[in-house]
Every structure is written in structure tokens, then in C-alpha cells.
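What follows is a set of notes on a single structure, which appears directly below.
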Number of protein chains: 4
Amino acid sequence: MISFESDYDNGCHEAILKRLLMTNEDRATGYGLDDYCIAAKEKIRNACETPDADVFFLVGGTQTNATVIDSMLASYQGVLAVETGHINVHESGAIESSGHKVLTLPSHDGKMDAVELEQWLHDFYADPTYDHMVFPGIVYITFATEMGTIYTLAEMQAISRICKEYHLPLFIDGARLGYGLMAQGSDITLPQLAALCDVFYIGGTKCGAYCGEAVVFPHHNAPAHFFTIVKQHGALMAKGRLLGIQFDTLMHDGLYFKIARHAIEQAMRLREAFITRGYKMYSNSPTNQQFVLLDKDTVQRLEKDFVFEQWYPVGDKMNCRFVTSWATRPEDVDALIAAL
Amino acid sequence: MISFESDYDNGCHEAILKRLLMTNEDRATGYGLDDYCIAAKEKIRNACETPDADVFFLVGGTQTNATVIDSMLASYQGVLAVETGHINVHESGAIESSGHKVLTLPSHDGKMDAVELEQWLHDFYADPTYDHMVFPGIVYITFATEMGTIYTLAEMQAISRICKEYHLPLFIDGARLGYGLMAQGSDITLPQLAALCDVFYIGGTKCGAYCGEAVVFPHHNAPAHFFTIVKQHGALMAKGRLLGIQFDTLMHDGLYFKIARHAIEQAMRLREAFITRGYKMYSNSPTNQQFVLLDKDTVQRLEKDFVFEQWYPVGDKMNCRFVTSWATRPEDVDALIAAL
Amino acid sequence: MISFESDYDNGCHEAILKRLLMTNEDRATGYGLDDYCIAAKEKIRNACETPDADVFFLVGGTQTNATVIDSMLASYQGVLAVETGHINVHESGAIESSGHKVLTLPSHDGKMDAVELEQWLHDFYADPTYDHMVFPGIVYITFATEMGTIYTLAEMQAISRICKEYHLPLFIDGARLGYGLMAQGSDITLPQLAALCDVFYIGGTKCGAYCGEAVVFPHHNAPAHFFTIVKQHGALMAKGRLLGIQFDTLMHDGLYFKIARHAIEQAMRLREAFITRGYKMYSNSPTNQQFVLLDKDTVQRLEKDFVFEQWYPVGDKMNCRFVTSWATRPEDVDALIAAL
Amino acid sequence: MISFESDYDNGCHEAILKRLLMTNEDRATGYGLDDYCIAAKEKIRNACETPDADVFFLVGGTQTNATVIDSMLASYQGVLAVETGHINVHESGAIESSGHKVLTLPSHDGKMDAVELEQWLHDFYADPTYDHMVFPGIVYITFATEMGTIYTLAEMQAISRICKEYHLPLFIDGARLGYGLMAQGSDITLPQLAALCDVFYIGGTKCGAYCGEAVVFPHHNAPAHFFTIVKQHGALMAKGRLLGIQFDTLMHDGLYFKIARHAIEQAMRLREAFITRGYKMYSNSPTNQQFVLLDKDTVQRLEKDFVFEQWYPVGDKMNCRFVTSWATRPEDVDALIAAL
């Protein structure tokens, strides 16, 4: 069986394993205060061109979203996100669990529309009863989105401008950041993204690591005692070196971006094959997640040799997801294309 | 420098690394539903002699304590623990963060006294105003304790009996479970411990793994939808295989217990050397954490070649902690003994 | 100025004031354990024809919603409500503050549609990823709704049936219960309503009392230690007699329903006058809240002598709310009709 | 039966009832924005000599404590209080319910010791692991305390000075503020108290009102959107006039202080009688709560004609509480003295 099930059904990139082997005998202090973490943070600051950034390593995405959002909200504030946002759908209520409402905007293939955001904020403050409502306190977007789509630089600038106008921090969930930055046609760089937002994270789990998300406050603007907030949310790893070593490896010599580029290349080969053969794509994704509508027979035929997710029926077709990663070999894609 | 700083300042046991290498090319589904996790769970059930146990893998201790305790309490209930309990001191309020009070009993070298527990419960229900107070909802003890001490089988049976009498689940924090079970003079086995409590965990992070705690509900008594509760607490690892592989390795052929036994042997050598040389031990610890009172000169002398923690002054001495683990080589202990 | 601003801009019904005067010299124990509360609870049980009901008195609506919902949900569960539901809009996130998500369905003039509810529940459990989502744990509807509309007996039976099928308790927010039961054309009685749901409340604040909501668990099904849960939510009144006296008066000799009937009569006179004069009603409300679309000139003219709320613009008209209560005198309505 | 059970087992002061009668026909907008509330706030500012103070009316004590403390803490901070503090014992975990730990200091007859507070704070920041602990975020004291005792001006100045030094707001629970200020030998005035703290409340429920606590931020220092925070905590009364009218009456012409002085006078008569007759007082209370040790026979004899609380046994005696209020008639005290 060849798997296109997800970008986290593999182990970790071999360079990371090698590094774990090399460092295993070393002793290192706990909780992310070790030299590997220090080195990894410096590499991240360089890559982001944000020499003063505060950087923290957490373990997984849901945990990171809940910790960051809770750390930046007052008790009476909520987080603005699109309806399909990961925090609104697939995190078992982790945001509400820390006391905050997810305030929703329409999703456009997973993306937030700047004009709708502005209108929402205008309407909120125009409502004479807003004192009885949940105040917006932060804006959450994903890059790349859950649908595989990406924001253009202009779109992200527009959202950033509105956030500044309304004094709302902008938070970018980068669980798939590498794939977003390396996407076909992406016109946004890591330093540009860092400059436009107040906090974001560089996703490790889905981009070559075994686990780990690197939270970046680009403007030396981490909330006071963020270390303690991470601990309180159960998100502080005792052997922080595990995260430090992984990110130090990924950020070394551009490995993180090479991994993402490889996955994108394989995804684009796949996409082109689907389109050429007349299949209808469900979303216009330039990233490592491809959504395609397949009829029942095709699904059954492909299932024999390939692993992929069936999301939900669309008309009489099934919306199927094929995901690539560092672990996707070109010959795997060849095989799938041949089978189409 | 030779380190006795902690049992989590090392990498992971070489058998785990080897296994990670061997399995890295495999594909496995996420969230702990993979074959490594399934195999590891089965080994744990066997070791505990609890064929029906529900087993879950979480990442770290604070997270595990908060998730388990919240899952077993009603909103108006709190958790009974000794004052020095990890949840009451060193978890940044993670328990309170999920809405629950830590109700405290005196600590006796880190241990709860069964008689005092019974008295507390009796007094609570004898108080005519108890409806205005926080109800006890679960009892939390650690094994081995934060002070390195352990409960005897009789002591644990006494606590278990009182818990049953008051319909309170008993939760054992086993972050250092291996060291407790293998402690010098310990008269309690893993199956006995599993039978006496309602939930406990087998600590991986401090006993050879890079990360991971295996939560065991011995009597097939996990709260409904515990999987979702884990996710909600940000404690569900996407690449659950990382935890499965580690525990499958640790539970294979008794490796977990061998690791612990090795650490205990080295700790006992150290302990005997301290005592023989006339140093005063701060606590009577039969486990891998040794607390000894050292004068300033000795501290300064040892600090040149050894890493260890200075906890707090006791009179004109400093209470110092020396910790052993799988990574402590006999020659490290020789060196320290020579330096004493 | 004659006020149609709200049903809580008045004092309290004179019968209540008289009763407060009569009882002021009495001594009574605190926290709702006094004889007035006991008597009021008995009258409520009689009126509901639920001899075993558990009854509690809380102070206000938001507090009651948050306390009841939190008491009946597990940590990983949310509450199903329509988008316009009070808990989703105008309670400043009180539900999320206790850790729970509000899961929303479309609003039909403030009402939930049974078919849509069933479809939502079906879809939820059909989604293979539901373990990563917020589980539905209770269904919340309002009677009468925020839009002044009411459910028919058949509609409420349909919702109740689906709740039973999915093992979800049904909670009816009765902040305006009197107006719902006495509404023009209402075909549902208090005992029928009590039989169909798992918990509801009889709103006092908006129906003649100074404050107070009577929570009824009709089937002796209050969560364990609900008294303590009320206290924990800051909703337990020290001088509970204030609530007991008010409800004992309201439930005596049908006063609660007389008050509601009076308000409905005045609202219907107003409604008929609006319609006769060609004004367009915004919603089809048979209760004490009337929503009508007025042009700017009419608004300005009426504002000189009358107080009423302007909700939001609809096209070039303003959706205006006129509310009646026990304190609305027939001559007030005459004056408004004359001014139209 | 003559009652000394509590200071909330009565109705309300007759001046309040009279005022409720007089104003009942008036219409007033909701949520504390009415003219009665505005007038009452102005009287409070005058009495406190804090012309810029922010004043809010909440319903009861537990609710007020939870709302104020939550509004002033970051998520990772707790509240410092003595072990016997109301928030630590008798509020069913309302503080923890909003996510915060109660950090405890020893109680000295209900009072916090400034030297111990300073030592605690010094030790906290001296602990190298404090980043893993709950940070102190506010200091909570009660005046008068749960034991009937009061702070001298010098004691309160000492606490206030330490709070300022450590940048911790000082919060005074004034559920029995009147009795504290009017206590025998009290050397502190309302303006002095207001100047020394960051937030306090003037308790209405236990001092003549039916309900209501007036929260005062003396230095125009209410947290942003405190109105919304109150609403979120379910503590915003729809008919806010009920609270406004009561406080406007209590603060008119010193009624609040007259009520307290009357209660103190009766309590002191009682106290003197106890002492003269050789009874041993349990605490040295100069306020309206008197604690006295009675033997079983005396308790049984007095119970026939008087209502009072038996707190807990002390040796072979019972610690009994006798409470006076505005409703305590001199002849009631005469009767009790005669019975001793």
C-alpha cells in the first residue's frame, strides 16, 4: 500500500534521526533552556529576519493554538476565525475550554476575506448592545489553510492592516507553514509573513519532525511569563532538547523549505495528472493537500493500492484528499498516476 | 562535567533510538490508533495483569495530571493531595486552570497519611456548611514521591480502602513509577498497584523515553470519550507512533524495569557512600533521587566536576539533590564517590 | 414619556411589594432554605403537575443559563442552540467562560427546527472525525424566543422526541415563559412543557418580579449537589427569602399568568393597530414583544413621547421593538395608537 | 424565638422598603444605567472622598469576589489570602472555577500578617523554580474578617505598602465593611481604606439591604470593560435599579454607618455580658459577630429561646456565634443577657 493519507503518517526526516543519534549521549538541562533550543531559536530569528523575536517550542498544534490564544486574550474576549478554521472544528473545544468563544466569519475555501472582517468589526462596534457580547480580541488565520489554499501577500496585508486599525493581534496558524510558503505561485516570504503578524508558528509535526511547533512572537512581544503559561497549559516538554534538536536540524541549511518544496512538487505532479485526466478538483490548492472529486468506482479501485481520506460526498462523487510530504517518493506518485 | 542533575537531562535509551531507526520508513495512521500503540497497550495490560485495562499515551506529566483529574471530576469537585504534591506546587496552576481546587493534606516526606486522609474526609462531611465548600472528588498520590520516598503495600492498601469507602477514585502519578517499583525494599508489584487504584500512569519521560506517559485505567473504567478529552486538553499527539514505539520498546522484555533497577543500584551506591562518609541525608529515599545536606565548601568543591541541584538551605547546610537514571554510568558514581 | 422599552424597566408587581412589607420583620434562614422558598417550590410543583420536581431559585437569566448548562455537560460537550439564541449572542460568553462551546443551528424567527436538529445530529455522528470535535451535550431553546415567537405543542414534541432519541437533555430558557404560555394562539400548557423537557425555568425578572428565575428539574433529576454548583457560579442568594417571597406571590392564585395575559392583551391591541394602519411587522409575534418596521420620520415623531428600542435597519426602515408588561396601562397603549 | 443566627436572616431596613414603594411606578432603564444607580454611585464617591472612583453594583459576595479577582488576574496568576479567607473555604471553589489558585498564608484570627506576606513574596521570587509555579497576582483581605476581627490603620498600611512594592493590587472584601469601620476601637476611616487599596466593596446584603455589593475602584482604575466582565460572570442585574435604590438609601445621610453602629452597640453589650459572667470568648471581636465558648448544658438551655450557630467543638466546649444587625432590638439582647 502506498500512502497519501496525511503528512503525519510517517516517521521523521532522516537528518533529524541522524542528529538524535549523534546527540543522544549528551546531557542537557530541561524545559527548553538547553543549547539545542538556543541554537534553533537563533536560526529561526535569522530565517524570519526578526533579530528580537521571542521563540518557544511546543509539542502539537491544538495545544499551541489554545496556549497562544489564551495568552493573548482578556477573559471577555474571543477569537475571530473562519467557520472551517481548525480551532472551530477539529480541536474538541480546546479554545472554549480555556474560556473563550470562537467568533466566526464565512470561509472562502478556508480563507478569511478582509472586507468581511472589516464589516464584521464595524458592525460589532455599531451594535448598541455590544457590551453584552463577546469582544473580538485576536484574529486567527491558517497558512496554508485546512483546504490547502494560501493567502497572497496583498490579501495578508489587507487583513493585517484591519487588525492594526482595530488593535487586534493577528495570529497565523502555521501547522503547514512550509507548504504555504513553498506553494506554487506563493508570493509571500517568511520575513514578510513575520512582519505582518503578531504571532505565528512554524509547524514541525506536519513538515518533517516527529513533533513540535515553533511559536514566534516576531516583535519581542511575547506575553509576560509566556513560559509559565505554556507550563500551565501542559505544553512544556521536560526534555525540550527533543524539540530543539529537531528544529535546529530543520532550520539548518534550509532543510525545512526543501522538504516543503519536494512535497509541493509531488503534489503538483499529482494535481496535473488529475486535471489532465478530466477529474474535477474540489479546491484550487497549490499546496501539498489535493482535494479531488472521485466516483465510487474509482475510489474502490484506488483503495486497493493506495491510502487516502474520503472527506464527504459532493453530489454523487466523493471529495477525496491526497497528501504529500517529505516521505512521498516520486515513484509513489508515478504509481498513483498510472492507476488513474 | 558529570551530571546528576535530573532523570530527564539525557536523550533516550539506545533501544528506543534503534527502534525509531528501524521503523522510520513505515507509514502509520495518526492519533495513537497505529499498530505500535496497539502493541504497546497490550504489553502494558499484560505487565499489569489487567486484561481489560484502557490505556492511553500522553506526552508529559503536567498535561497528564491535568487531563486525568479534569476527566474524573464534576465541576464542583476538587482533588485531594499532599501539600508538596507536584500538582499543588510545580504545575503552574494547571489543575485550577481547568476549574478545580487542590485540597491539601500534610506531607510526610512527600507521602499522604491514610489516617489523616480519613480524618479529613470525616471532618468534611461532619461540617454543617460543606455544601458551601469544594467537594473532594479524587485522591492524588505520587509513587515514587517528589521526595524520593515510596508507599509500602500496606500503606497503599489503607489509602485505597478509604477511597473506596468514600467513593473516591484513587489516582497514582507514576512519573517515576519504575523507580518506585524497583526501589530498595519496595514490597509492591505493578499488578498490585494497578488493582488498588482507579487510574495511574507509567512514566516514560523520566525513565528512558524521550517523552510519553502511559495512562492506565485498570478496570476498563476510562471516562466516556477520554480520547476527546485528551484532544481538548491539547494532549493528543498527531504522530502517536512516537509514543507507541517508545512504550512498546520499554515494555518489551522488562526493559522499563531494568532501566529503573540500574538507576536504583547506582543511587544506593551513592547513598551508602554519603552515609559512610558521615553526610546527613535529608530524606530517607530508597529511589533514584538522593537528598543530602552539604556544607558550602563541599558544594563549591563538587560543583567543579558535577552537576546537581541545590534545593534550599536547611540550617547552615544546603539540601542537594543527586539523581540517577539509565544514563548514569557506574564510573560516574565512582567519580563522585571519590570526590566526596 | 410612556415606556415600551422593555419588560424589565419597571419595579415589581404591587402584590410582591405588599408581601415584602408584610414579611419584613420575620426572621428566616439563608440560602433558599426558608419557609417562603419551601412554599413557593410547592406551588410551582403544583402548577407544573410534577410532584417530584426539584426547584431552585436563582437571580437572573444569564447566570441561570450558565449554571444549568454547565451543571449538565461533561467537559467535552457543548450546547446546541439557534444562532440568535440568547446564550450565543447576549451573554458576553458566559457559556464559553465555563468551558463549553455553543454549537449553532439556523434560527427561524428565533426558533429551532426539529428537522434541522435531527439532520445536524445525524451528520455529526456520521462524520468519521467526530472524536476531534465538540460533542453535543444538551439542547437549548427559548420560550418565548428573543423574537417574540413561540413553539407549538407539536413542534416542541418533535424536538423533545429527537432529544430523547439522542440522549440529550432538553433545556427551555423561560425568561419570558409566562408570555409564551399566555401568547395568542399558544396551544401548550405548563404541565405539558414540564413533561417534555429535562429542565426549564420560570422567569421572574421579566414577568413581575424584581429579580429571580425558578429553575425546575421536572423529573426529580437535578444534577448531584446542584446547590453547590449554584454557589460555585456565584448564583446563590444569601437572603434567599427575597426570591421565595416573590415566587410565592407570583404563583399564588395564578398571578404569574394574569400578569402575562395582561401584557399579551396590550401587545395584541398594539399589534392590531400597527397592522390596521399599514405598518409592516418584522416578526410574527403573538407575545409581549412586537417588532415593527418604521420609517425615520415616524421614529422621530414617536420618540418625543414614547420610549422604545431601535434594533437595526432593515432596508430604509428601522426595526423597532415595543414591549408590554404588567406595568403597561391600557391608556399607555391608547396613547401610542393615537400617535400612530 | 429570638434570632442571633446571622446578619442576613432579616428582611431589609425599613427606609429601603419605603423607597422601593415610592419608586415602584417609575420607569428606569436596565443594567445599572438608571438614575438611582447614578445617584448612589455619586454618594459613594463622596463618602469615600474618591471623586474619580469607578463604582459597580453586583448582587452577592461570592459572585463579587469571583468577578473582581478574575478581572484583575492574568491566567497564570493566583490570589493570596489567609487560609480562613472566605474565598478559600466557603465559596464552593468559585475562584478556581474561573481558573485561579488561592495561595494561602496563615490566618491570625482571620487576619493576614504583613511580615508573613512580605516573607512569602520574598521566598517566592527567591525560589529558582518559580516559573513552574502560580504567580501571585492580587492580595485579598476581608474587613471585618470572618472571625469578626479588624485591621488597624497601621496594619493595613503595612499590607498596602508591601502590595505596592511587589506591584500587587490589594482587594478588600467588605461584605461586612460597615461593621469593620464602626467597630469598637477601629481607627480607620472609609476614605483611608479607599486610599490604601485598589478595589474594595461596600457590603449591602449583610448591612441592611436585601442584596447588593458596591464594588469601588477608588482610583478610576476599573479593568477595561468591567461591565462586560460582570455580565459574563452572570453578575449583572437586569433591574439594576433594585441595587441602585438600596445603595442610594443606605448612603443617604449616613444610614449605612448608623445601621452598623447600632449592631456594634448591641454586640458589645452582649460581649460584656459574656465576659462579666465568666464565659470565655473564642476571638477578640470588636464587631457584630461574637464567638463564645459554651458548655453543652448552656447551649441546650439557650437553644430553647434563641437561634445561634454552633461552629465547632473546642475542647469540651462549643464555639458558638451570636450575630447582631440592624434588626437586633435592644430588648432581644436584654433577653439573652437575662438568660445567661
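Table for the structure above
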{"read-out": "In region C:33-58, the residues that are outside any helix (DSSP H, G or I) and either crowded, with 17+ Cβ neighbours inside 10 Å or within 14 Å of chain D (Cβ to nearest Cβ) (or both)", "value": "C:LEU33, C:ASP34, C:THR50, C:ALA53, C:ASP54, C:VAL55, C:PHE56, C:PHE57, C:LEU58"}
{"read-out": "Residue satisfying all of: in region A:257-275; surrounded by 20 or more Cβ atoms within 10 Å (Cβ to Cβ) and touching a helix residue (DSSP H, G or I) at 6+ places or on another chain (Cβ under 7 Å); nearest to A:LEU294 (Cα to Cα) among these", "value": "A:LEU270"}
{"read-out": "All positions within region B:1-46 that are under 19 Å from the mean Cα position of the chain (by Cα) and polar (S, T, N, Q)", "value": "B:SER6, B:ASN10"}
{"read-out": "Matching residues in region C:98-134 - criterion: being among the β-branched types (Val, Ile, Thr) and either part of a loop (DSSP other than H, G, I, E, B) or at pLDDT below 95 (or both)", "value": "C:THR129, C:VAL134"}
{"read-out": "Unique residue being of a type outside the set (Ser, Thr, Tyr), crowded, with 19+ Cβ neighbours inside 10 Å, under 19 Å from the mean Cα position of the chain (by Cα) and within 11 Å of chain A (Cβ to nearest Cβ) when the list is B:LEU243, B:LEU250", "value": "B:LEU243"}
{"read-out": "Cβ-Cβ under 9 Å pairs, at least 6 apart or on other chains, region D:100-129 side more than 29 Å from D:ASN319 (Cβ to Cβ) and free of Cβ contacts under 8 Å to residues at least 60 places away in the same chain, far side in a loop (DSSP other than H, G, I, E, B) and polar (S, T, N, Q)", "value": "D:HIS100/D:SER75"}
{"read-out": "Selection status of C:LEU336, touching a Gly at 6+ places or on another chain (Cβ under 8 Å), surrounded by 14 or more Cβ atoms within 10 Å (Cβ to Cβ) and over 24 Å from C:THR62 (Cα atoms)", "value": "no"}
{"read-out": "Residue in region A:1-32 that is farthest from the other protein chains (Cβ to nearest Cβ), counting only those that are of a type in the set (Asp, Glu) and not in a helix (DSSP H, G or I)", "value": "A:ASP7"}
{"read-out": "Region B:275-310: number of residues that are assigned to a loop (DSSP other than H, G, I, E, B) and either touching a Gly at 6+ places or on another chain (Cβ under 6 Å) or within 21 Å of B:MET147 (Cβ to Cβ) (or both)", "value": "9"}
{"read-out": "Residue ID - farthest from the other protein chains (Cβ to nearest Cβ), chosen from residues in region A:73-92 that are aliphatic (A, V, I, L, M) and part of a helix (DSSP H, G or I)", "value": "A:ILE87"}
{"read-out": "Yes/no for C:ILE95 being within 30 Å of C:THR189 (Cβ to Cβ), crowded, with 18+ Cβ neighbours inside 10 Å, within 14 Å of chain D (Cβ to nearest Cβ) and in contact with a helix residue (DSSP H, G or I) (Cβ under 9 Å, 6 or more places away or on another chain)", "value": "yes"}
{"read-out": "Any hit, region A:220-231, residues being crowded, with 24+ Cβ neighbours inside 10 Å, under 20 Å from B:GLY212 (Cα atoms) and either more than 13 Å from the chain's Cα centre (by Cα) or modelled with pLDDT under 95 (or both)", "value": "yes"}
{"read-out": "Condition check for B:GLY137: assigned to a loop (DSSP other than H, G, I, E, B) and either modelled with pLDDT of 95 or more or of a type in the set (A, V, I, L, M, F, W, C) (or both)", "value": "no"}
{"read-out": "Single residue of region A:59-72 satisfying the filter (buried (at least 24 other Cβ atoms within 10 Å of the Cβ) and more than 10 Å from every other protein chain (Cβ to nearest Cβ)) that is farthest from A:HIS233 (Cα to Cα)", "value": "A:ILE69"}
{"read-out": "Pair list, Cβ under 6 Å, 6 or more apart: region A:33-47 residue within 16 Å of A:PHE217 (Cβ to Cβ), other residue loosely packed, with under 14 Cβ neighbours inside 10 Å and not charged (D, E, K, R)", "value": "A:ARG45/A:PRO51"}
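The values are calculated or read from the model by the stated rules, or taken from the named source; none is laboratory data. These figures come from a predicted structure and were not determined experimentally. Backbone-built Cβ (ideal geometry, glycine too); neighbour counts: all protein chains shown.
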